[in-house]
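Peer 1: The structure under discussion is supplied below as structure tokens; questions concerning it will follow.
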Amino acid sequence: MAGRSLKASDAGIEKAEIALTDKGWSRQNLADRVVMGEDKSQTIGIDIQTVHKFFTQKGVKPQYFVAICNTLGLDWQEIKNLNTTTSPQIPLPNDNPTAEVEQPNINYNNPFFPRSGRIDKPQFFFGRKREIRTVFDLLNSGSSVAIIGERAIGKSSLLQAIYREAPIQLREPRKPIYLNLEDVYDENDFYGALCRLTGIEKAKGTELSRALDSPQFRFLLLLDEVENMIWDGFTNQVRSQLRGLAYGSDAPLRLVVAACTSLDTLFPDSQDKKSPFQGICIEENLKQWDEKICREFIASRLQADWLTPVAQPVSFTQAEIAGLIAESGGYPQKLMQLCYQTYARYIN
């Protein structure tokens, strides 16, 4: 019904994107944390599609619009498009305090965290020195890179490490920008996100190429979950434009894309039946940790200097360590979870 929805303004979306980035959340993280209702009727979590509508400036029911803004720590009045109105039959909170979303407690008495999701903080990132060195060698040679690996192997965490190290590792300066395609609703949303990250007005096609055709626009674009570009909301044109923007030694973009599948099997709707990234992206396959790295990881966490001091520090037996490595199969996230459980048994 007309008048019963709210849309975000361009400036409001920019604030929301910044708030989302500052919190280190994906859109799914935000959807999972949105608080609806009050007191006994309170529920946590909404449908991800509602969050996508919010960020693509589509109409959202007022109660959802306000709850999303509250969860981001924003004033919904400052985010809404002033040209949209709300129905007087749907009350909106005015003087109610911002809903506080409980953050997960990090127990520094157990050093094995986070147990899921990417590792954003450098002090918690471990290993992958060879892979990082290889990626920057390829980037400095003028190539783009594709990081290929199974789910939960650490691709997103590696992208974050590359993002952090780009300013000192790249021989020719490029501003690193990170975009998780799980947070992108469709092709139009992708162009909007890309333009916001690069600091230009929203454009696509030749207008986008023209806007980026300047020495001041040189970016390292880190694309996570790139296989999500096979969604119905994407066409081969957007992938081909990315290829064009990354083609050449002085191209506006240099790419590091992460996917679960090799590039030669992605995007079957491409005209040449191959990925448009193939030929400009050299693959780096991300493998499981070997036994040596697993042991070094466990030792480093057990001796971490940010652990809360205790009278009798926890140590694992050699049999426990061997069992943890064998059961995890060298998958970093699985090893983290198993070590967390083992450590918890000691302190409990």
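Peer 1: From the residues in segment 181-208 that are outside any helix (DSSP H, G or I) and open to solvent by 10 Å² or more (accessible area, probe 1.4 Å), which one is nearest to Arg243 (Cα to Cα)? Let's see the steps before the verdict.
Peer 2: Residues of segment 181-208 that are outside any helix (DSSP H, G or I), as a first pass: 184-186, 199-204.
Next, from what is left, pick out any that are open to solvent by 10 Å² or more (accessible area, probe 1.4 Å): 185-186, 199-204.
Details: Tyr185: 21, Asp186: 18, Gly199: 20, Ile200: 19, Glu201: 20, Lys202: 19, Ala203: 16, Lys204: 13 Å.
Applying the filter and picking the extreme gives Lys204.
Peer 1: Checking Trp306 against (1) under 28 Å from the mean Cα position of the chain (by Cα); (2) in a helix (DSSP H, G or I); (3) among the hydrophobic types (A, V, I, L, M, F, W, C), which single condition isn't satisfied?
Peer 2: Condition (2) is where Trp306 drops out.
Peer 1: Also, I was wondering about something else. Take segment 251-296 and flag every residue that is at pLDDT 90 or above, of a type in the set (S, T, N, Q) and outside any loop (DSSP other than H, G, I, E, B).
Peer 2: Asn285
Peer 1: Let me ask something additional. Taking the condition within 23 Å of Lys202 (Cα to Cα) and modelled with pLDDT under 85, does Asp39 pass? Spell out the reasoning first.
Peer 2: On the way: within 23 Å of Lys202 (Cα to Cα): no; modelled with pLDDT under 85: yes.
When the stated conditions are applied, Asp39 does not pass them.
Peer 1: Mind checking which residues of segment 310-341 are open to solvent by less than 70 Å² (accessible area, probe 1.4 Å), over 18 Å from Glu150 (Cα atoms) and in contact (Cβ under 8 Å) with a residue 40 or more places away in the chain?
Peer 2: Passing the criteria: Cys339, Tyr340.
Peer 1: Which pairs turn up if I take residues in segment 17-30 that are open to solvent by 20 Å² or more (accessible area, probe 1.4 Å) and look for partners that are among the aliphatic types (A, V, I, L, M) and not in a loop (DSSP other than H, G, I, E, B) with beta carbon separation below 7 Å, at least 6 apart in sequence or on another chain?
Peer 2: What qualifies is Gln28/Ile48.
Peer 1: Now a separate question. For segment 209-232, which positions are open to solvent by 20 Å² or more (accessible area, probe 1.4 Å), in a loop (DSSP other than H, G, I, E, B) and under 22 Å from Gly248 (Cβ atoms)?
Peer 2: Asp213, Ser214, Pro215, Gln216, Phe217, Arg218
Peer 1: Let me ask another. What number of residues within segment 233-259 satisfy the criterion of being open to solvent by 40 Å² or more (accessible area, probe 1.4 Å) and under 19 Å from the mean Cα position of the chain (by Cα)?
Peer 2: Residues in segment 233-259 being open to solvent by 40 Å² or more (accessible area, probe 1.4 Å) and under 19 Å from the mean Cα position of the chain (by Cα): 0 in total.
Peer 1: OK, next. For residues that are in a loop (DSSP other than H, G, I, E, B) and out of contact with any Leu (no Cβ under 8 Å at 6 or more places or on another chain), scanning just segment 151-171, find the one that is modelled with the highest pLDDT. Can you show your working first?
Peer 2: Residues of segment 151-171 in a loop (DSSP other than H, G, I, E, B): 151-154, 170-171.
Now drop any that are not out of contact with any Leu (no Cβ under 8 Å at 6 or more places or on another chain), which leaves 151-152, 171.
Numbers: Arg151: 86, Ala152: 85, Arg171: 91.
Here the residue is Arg171.
Peer 1: Just checking, which of Val34, Val60 is under 20 Å from the mean Cα position of the chain (by Cα) and either modelled with pLDDT of 85 or more or buried (at least 17 other Cβ atoms within 10 Å of the Cβ) (or both)?
Peer 2: On the way: Val60 fails: under 20 Å from the mean Cα position of the chain (by Cα).
None of the others qualify; the one that does is Val34.
Peer 1: Does segment 110-155 hold any residues that are over 16 Å from the mean Cα position of the chain (by Cα) and polar (S, T, N, Q), and which are they?
Peer 2: Asn110, Gln123, Thr134, Asn140, Ser141, Ser143, Ser144, listed by residue number.
The values are calculated or read from the model by the stated rules, or taken from the named source; none is laboratory data. What you see is a predicted model; the values in this text were computed from it and never measured. No Cβ is skipped: glycine too gets one built from the backbone with ideal geometry, and neighbour counts run over all protein chains shown. Quick note on the areas: whole protein, heavy atoms, side chains included, nothing else; ligands and nucleic acids left out. Shrake-Rupley method; radii C 1.70, N 1.55, O 1.52, S 1.80 Å.
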